[in-house]
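Notes for the one structure printed next.
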Amino acid sequence: MAIVWQLVTKETKGFMNKALLNFITAILMLVLSPVVWSASDSNPSLKIEVPYVELRSGPSAGYPVVHVVENSEYVTVLVKRTSWLKVKDKRGIEGWFHEDDLLGLTQGGQAISNPQIDEQDFQQRNFEVGVMYGDLEGANFYNLYGSYALSSVFSTELSVGKALGNISDSDVIELMLMSQPFPEWTVIPYVGVGGGMINTTPHSVLADSESRRSTLMSAATGIKYHIARNFLLRAEYRFSLALTDRDDNEEIQTWKLGFSVFF
């Protein structure tokens with residue numbers, strides 16, 4: 001009977017490991033799938049509706065005026081830095097103007113409003129840092145992370161976390177590749193794959209306890225919601241496989257919720 005149970009257990013673990021590999025493969029296919037975006041989505045074209053707009057050589061009122069764009073002309077937004085936008089006119093001349101000047105511009109015949117300004121800033125973000133709290137296999141999990149956008153779709157993310165449980169505590173560090181195939185949405189779904197390390201320390205009251213360190217293979221899925229300005233709300237589920245030096249590997253599920261700021 002014991003032999004049969006061991007065989008069933010090995011088969012079950014083999015099936016779960018295969019299921020995890022299939023899950024990670026599916027996530028990789030989503031992460032690496034090519035997505036084509038039109039230039040008009042990432043670089044909006046704006047029409048000048050006031051007599052003129054002054055373009056400066058840098059993102060500050062202290063920089064000199066290098067060009068003037070007149071009424072009825074169009075400019076293309078290249079990048080936004082804090083409250084300043086870098087644009088290019090039909091002659092290829094580039095310069096900066098303050099977002100307050102957007103009140104004198106239109107996009108597609110519609111006046112530009114402050115929510116639109118925030119939305120463009122949201123879509124063109126480069127860095128994101130945040131805090132999250134959740135559950136790691138029954139333990140309270142505290143998480144800090146920072147990410148850098150490689151493009152509008154792909155980003156890299158480094159996270160560190162601390163799990164405080166009744167039996168043991170764990171320190172987690174992971175590096176993930178994230179993909180958000182619909183970056184223009186207000187509520188953005190995302191997936192990610194990556195790996196890292198988990199160091200688990202049992203509480204000293206346990207007999208024969210010792211710390212152990214394991215390599216992690218992880219796959220994640222979640223959503224981000226643009227609350228306002230440069231604030232995001234984020235919810236995530238992460239499934240990890242801890243590769244141990246024993247006969248079996250450990251499966252770790254993490255649920256977490258938090259917020260972040262981008263710039």
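The values are calculated or read from the model by the stated rules, or taken from the named source; none is laboratory data. What you see is a predicted model; the values in this text were computed from it and never measured. Here the Cβ positions follow ideal geometry from the backbone for every residue, glycine too, while neighbour counts run over all protein chains shown.
Assorted remarks:
- Filtering the stretch 74-101 to residues that are among the charged types (D, E, K, R) and surrounded by 15 or more Cβ atoms within 10 Å (Cβ to Cβ) leaves LYS80, ARG81, LYS86, LYS88, ASP89, GLU94, GLU99, ASP101.
- Condition check for GLU184: surrounded by fewer than 19 Cβ atoms within 10 Å (Cβ to Cβ), farther than 26 Å from VAL261 by Cβ and out of contact with any Cys (no Cβ under 7 Å at 6 or more places or on another chain): no
- Considering only residues in the stretch 102-132 that are aliphatic (A, V, I, L, M) and either part of a loop (DSSP other than H, G, I, E, B) or modelled with pLDDT of 70 or more (or both), the one that is surrounded by the most Cβ atoms within 10 Å (Cβ to Cβ) turns out to be MET132.
- Matching residues, the stretch 147-181, being surrounded by fewer than 15 Cβ atoms within 10 Å (Cβ to Cβ), among the β-branched types (Val, Ile, Thr) and not in a loop (DSSP other than H, G, I, E, B): VAL160, ILE173
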